[in-house]
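Chemist: One structure coming up, written as structure tokens, with questions to follow.
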Amino acid sequence: MYVGDIEGVKTIVGKYFTITNVYLDAGILTFEVYDSEIKEKFKKMYGELREMDLIPTATRENGRIVIRVYPRPRMAYPIPSSRILPIILFFATLSTILIDGYLRSSTRMYEIITGRTGLIDKILDGLIFAIALIAIIGIHEIGHKVSAKLDYIESSPPYFIPGIPTMIPTFGAIIFQKSPIVNRDDMFDIGVSGPIAGFLVSIGVLILAFTTANWVSLEEYEIIVQTIEKEGGVLLPSPLIFYLIRPLFGRPDMIPVFTTVGFAAWLGMLVTALNLFPAWQLDGGRIFRSFLTVRQHRIAGYLSAAVLALTGYLFFAILILLIMPRTPDIAPLDQVSPLSYKRKLAVIGVVAILAVTFVPLGLLRV
């Protein structure tokens, strides 16, 4: 049941919209408004109502724009409030990545690829690997954080998740959203900001990987491949972005063989690609939900799981299928205003980044 300063709410709504009708609908203060373009006015109104601990929504019903004002709900799942926990998790994750980098630099495969056997080389490569990977993940999350702040959405600090050295050194990081998304533009911006930021850092790491790579002839490369295969190792497939950047370094007759920093760049591109798939629990879920209907978005999620399963990411596909039915659709408060034209054009760029960073496992060779 709605309770509060009804006259005050009427004054704020009337400040931004032409009210044609006002009534209580199941105890919720409801306004029918005459206006057709509401995006900017709704956002300003939301800012004022938020100060009263109220949340407005806008929907189109029977050709009319209807604004409802609710008490701000309490979160069903409390967000951790500890200031120390994010710091502890950051250093724990940094530790697992450092250990992973050192162990990868201490393998026989590393010696075959780089020809380096010294302890200092291994420690240095492991350190560069850790800095590169933590930068990719951290700046990805900072991208979300900055976008949320620009859109006046409260969010928590990033919570890094330690992984298992030699397997998955980190499971990334998460940021808890503390307030609702106002409109489709904000939903798109928050979704795309992390992958874009992480992608740019990954490109920087990839350039570093090419700069520090061991460039060998085709004959030497084949020998390295054969030696690694005899040792039971495999070479990772490369995303298209590796091939697009390679000509910048010349040496058309030489092949780069990367150190562990190349693996950090590969992981950065993989994280970017996986996050851009249109499943709700991923960043791409918000990007594509900003212009897809609920039904279209759910179909896109199932298609994403199918593509991932067919291209070698079976575990990730199963995880999406298990979580997706339990993840409720979270629409923006303003469900009337469409995604802006420039953001619709930006979707082309999102798909392009997905295309150059994603690689089906087992189909290509570095």
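FYI, it's all coordinate maths here, none of it is from the lab. Source: prediction; values computed, not measured. Every residue, glycine among them, receives a Cβ derived from its backbone with ideal geometry; neighbour counts consider all protein chains shown.
Chemist: Round to the nearest 10 and give me the degree value, 0 to 90, for the angle of helix 341-357's Cα axis relative to the longest principal axis of the chain.
Modeler: Tilt relative to the chain: about 20 degrees.
Chemist: Also: Return the distance in nm (one decimal) between the two label points of a simple spin-label model at D5 and T211, each offset 7 Å from Cα along Cα→Cβ.
Modeler: Each label point lies 7 Å from its Cα, and together they span 5.7 nm.
Chemist: Is any residue of segment 297-341 close enough, with backbone N under 17 Å, to a label point placed 7 angstrom from the Cα of I19 along the Cα-Cβ axis, and if so, which?
Modeler: Counting only backbone N, you get no residues.
Chemist: Would you mind pulling out the separation of the Cα centroids of segment 169-229 and segment 121-157, in Å?
Modeler: One Cα centre to the other: 11 Å.
Chemist: While we're here: When S179, S95 are ordered from fewest to most other Cβ atoms inside 10 Å of their Cβ, what list results? If you can, show how the numbers build up before the last one.
Modeler: Working: S179 17, S95 14.
By the 10 Å Cβ count, ascending: S95, S179.
Chemist: In whole percent, what relative contact order does segment 84-357 give with Cα contacts below 8 Å and a gap of six or more residues? Show your work: numbers first, answer last.
Modeler: Values: 401 pairs, mean separation 58.6, N = 274.
Rounded, it is 21 percent for segment 84-357.
Chemist: Which shape class, rounded, prolate or oblate, goes with segment 6-71 when its Cα gyration tensor gives a ≥ b ≥ c as root eigenvalues, a/c under 1.5 marks rounded, and past that a/b bigger than b/c marks prolate? Mind showing how you got there, number by number?
Modeler: Details: a/c = 1.55, a/b = 1.14, b/c = 1.36.
The shape class here is oblate.
Chemist: Measuring from a point 7 Å past the Cα of L103 along Cα-to-C-beta, which residues in segment 125-169 have an amide N at less than 19 Å?
Modeler: Flagged as within label range: 125-134, 161-169.
Chemist: Another one. Using only Cα atoms, find the angle between the long axis of helix 84-105 and the longest principal axis of the chain, and express it within 0 to 90 degrees, rounded to the nearest 10.
Modeler: Tilt relative to the chain: about 20 degrees.
Chemist: Here's something else I'd like to know. Give the cross-link partners of K39 among the aspartates and glutamates, using a straight C-alpha distance below 14 Å as the criterion and excluding same-chain residues fewer than 8 apart.
Modeler: Of all the aspartates and glutamates, those that pass the test against K39 - Cα under 14 Å, at least 8 places apart if same chain - are D151, D185, D186, D334.
Chemist: Next question, about the same structure. Name the long-range amide H neighbours of S155: under 5 Å, sequence gap of 5 or more, or other chain; modelled H, no Pro or chain starts.
Modeler: Those lying under 5 Å, H to H, from S155 are K178.
Chemist: Then there is this: Compute, for segment 6-71, the length of the dipole vector about the Cα centre, with Cβ point charges of +1 (Lys, Arg) and -1 (Asp, Glu) only. Units Debye, rounded to 20.
Modeler: 160
Chemist: Around E154, with a cut-off of 11 angstrom between Cβ atoms, what is the net charge of the other residues, counting Lys and Arg +1 and Asp and Glu -1? Provide the component values of the computation, followed by the final result.
Modeler: Working: positive: R50, K145, K149, K178; negative: D151.
Overall, the nearby charge balance is +3.
Chemist: Using unit Cβ charges (K, R positive; D, E negative) and no other charged atoms, how large, in debye to the nearest 20, is the dipole of segment 84-357 about its Cα centre? If you can, show how the numbers build up before the last one.
Modeler: On the way: 19 positive and 19 negative charges, 139 e Å.
The dipole magnitude comes to about 660 debye.
Chemist: Apply the a/c threshold of 1.5 to the C-alpha gyration tensor of segment 178-220 and tell me whether it is rounded, prolate or oblate.
Modeler: Working: a/c = 6.38, a/b = 4.52, b/c = 1.41.
It is prolate, given that a/c is not under 1.5 and a/b is the larger ratio.
Chemist: Roughly speaking, what is the stretch gain from D329 to E220, that is 0.36 nm per residue apart minus the C-alpha to C-alpha distance, in nm to one decimal?
Modeler: On the way: separation 109, 0.36 × 109 = 39.24 nm, distance 5.33 nm.
Taking D329 through E220 to full extension adds about 33.9 nm, to one decimal.
Chemist: Placing +1 on the Cβ of each Lys and Arg and -1 on the Cβ of each Asp and Glu in the chain, which of L339, F358, T272 has its Cα farthest towards the positive end of the resulting dipole?
Modeler: Going by the charge dipole, the pick is L339.
Chemist: Could you check what % of the DSSP bridge pairs in the chain are antiparallel, to the nearest 5? Before the final figure, lay out each step's value.
Modeler: Details: 28 of 29 bridges.
In the chain, DSSP labels about 95 percent of beta bridges as antiparallel.
Chemist: PRE reach from L361 (point 7 Å along Cα→Cβ): which of segment 226-243 fall under 15 Å by backbone N?
Modeler: 234-239
Chemist: Given the pairs K43/K149; K41/K344; K44/K145; K10/K44; K10/K149, which span a C-alpha to C-alpha distance of over 19 angstrom in this model? Don't skip to the answer; put the middle values down first.
Modeler: Numbers: K43/K149 14 Å; K41/K344 21 Å; K44/K145 21 Å; K10/K44 15 Å; K10/K149 28 Å.
Correct reply: K41/K344; K44/K145; K10/K149.
Chemist: Under the Karplus relation 6.51 cos²θ - 1.76 cosθ + 1.60, θ = phi - 60°, what is the ordered set of whole-Hz ³J(HN,Hα) values for segment 13-23, x standing for Gly and Pro?
Modeler: 5, x, 5, 10, 10, 8, 7, 9, 7, 9, 6
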